[in-house]
């Protein structure tokens, strides 16, 4: 074979190799582009409205995005407590979380505002207020500046107390070590009733009740039943002094990197689930109350006079807290003005 022939063969071989490599690269590129985007979605609770919302959100979002987003559900504090979830959302290491806004108090004291007494009348009123576009925009705009974008608002329930020993009057609250969230308002409100507030993360509550480290808990029936608080603290006092809402938040850092159509799908799916999940929760509250008493636990109410006294005390505690923090007071004032107009 002549030198010219050899050069021709080598040229053709190198050309074919280059074409093959280019084809392989083109074949690999779509496969690589089709890798789903992971969305870790966390909550602290289990088998409640939050957990159920996450499961339904996963099914709906994966379907409408044709698998372009893969949602991983982490209930029961699997990705850490409230401080860890707050940090993860702000850094983008946790893509989404759902919980009462006051859990994210560490990012800004204004997150406690939705749990302040005097804002919502009852669960139905809470739902109507949360549907108000102006109300939502004010809270969403504030939250977004903290790196967390609300995509859904739900009413969890109005709060109750459970205690290890029977409590039937305000006098029974005196000195009771009562688990609360870390927000200033809840601590001040529980202290105003005569109890001793003990901030504590949710995973620590059951052992603390079992060991007698705490005497009671301020939360909702939707927490008491799944975590079987009735085994250690079967005495519930239905006070309903303030509402517990729950908000689904996405990390702004993560969300801003998504394609516009994926952002829209996330918002649309979250909005679509609000009404059916509220109906689900209305029934669930009834079922949980029945489950509580079926287990031999009790639910009592304060007398009318003591209930009025309790409401007066916690509203005074809220005002004292607001007077110490101008941004929280401004936000509360704006939101309450809207809430008061909602029938």
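The values are calculated or read from the model by the stated rules, or taken from the named source; none is laboratory data. All values reported here derive from a predicted model rather than from experimental measurement. Reconstructed Cβ throughout: ideal geometry from the backbone, glycine too, with neighbour counts over all protein chains shown.
Criterion applied to 284, 267 was being in contact with a strand residue (DSSP E or B) (Cβ under 8 Å, 6 or more places away or on another chain) and in a helix (DSSP H, G or I), and the one residue passing it is 267.
Looking across region 231-253, the residues that are outside any strand (DSSP E or B) and either touching a strand residue (DSSP E or B) at 6+ places or on another chain (Cβ under 8 Å) or modelled with pLDDT under 95 (or both) come down to 233, 234, 238, 239, 240, 241, 242, 252. Output yes when any residue across region 158-170 is outside any loop (DSSP other than H, G, I, E, B), farther than 25 Å from residue 46 by Cβ and more than 13 Å from the chain's Cα centre (by Cα), and no when none is. Checked against the condition, which is being outside any loop (DSSP other than H, G, I, E, B), farther than 25 Å from residue 46 by Cβ and more than 13 Å from the chain's Cα centre (by Cα), region 158-170 yields at least one hit.
Restricted to helices (runs of 4 or more DSSP H) entirely inside region 36-149, those with at least 2 residues that are surrounded by fewer than 16 Cβ atoms within 10 Å (Cβ to Cβ) and free of Cβ contacts under 8 Å to residues at least 12 places away in the same chain are 49-64, 133-144.
Under the condition of being over 23 Å from residue 149 (Cβ atoms) and either touching a residue at least 24 places away in the same chain (Cβ under 8 Å) or buried (at least 17 other Cβ atoms within 10 Å of the Cβ) (or both), the residues counted in region 263-299 number 13. The set of residues in region 167-183 being more than 18 Å from residue 208 (Cβ to Cβ) and modelled with pLDDT under 95 consists of 183 alone.
Considering region 176-217, and only residues there that are assigned to a loop (DSSP other than H, G, I, E, B) and in contact (Cβ under 8 Å) with a residue 40 or more places away in the chain, the residue that is surrounded by the fewest Cβ atoms within 10 Å (Cβ to Cβ) turns out to be 212.
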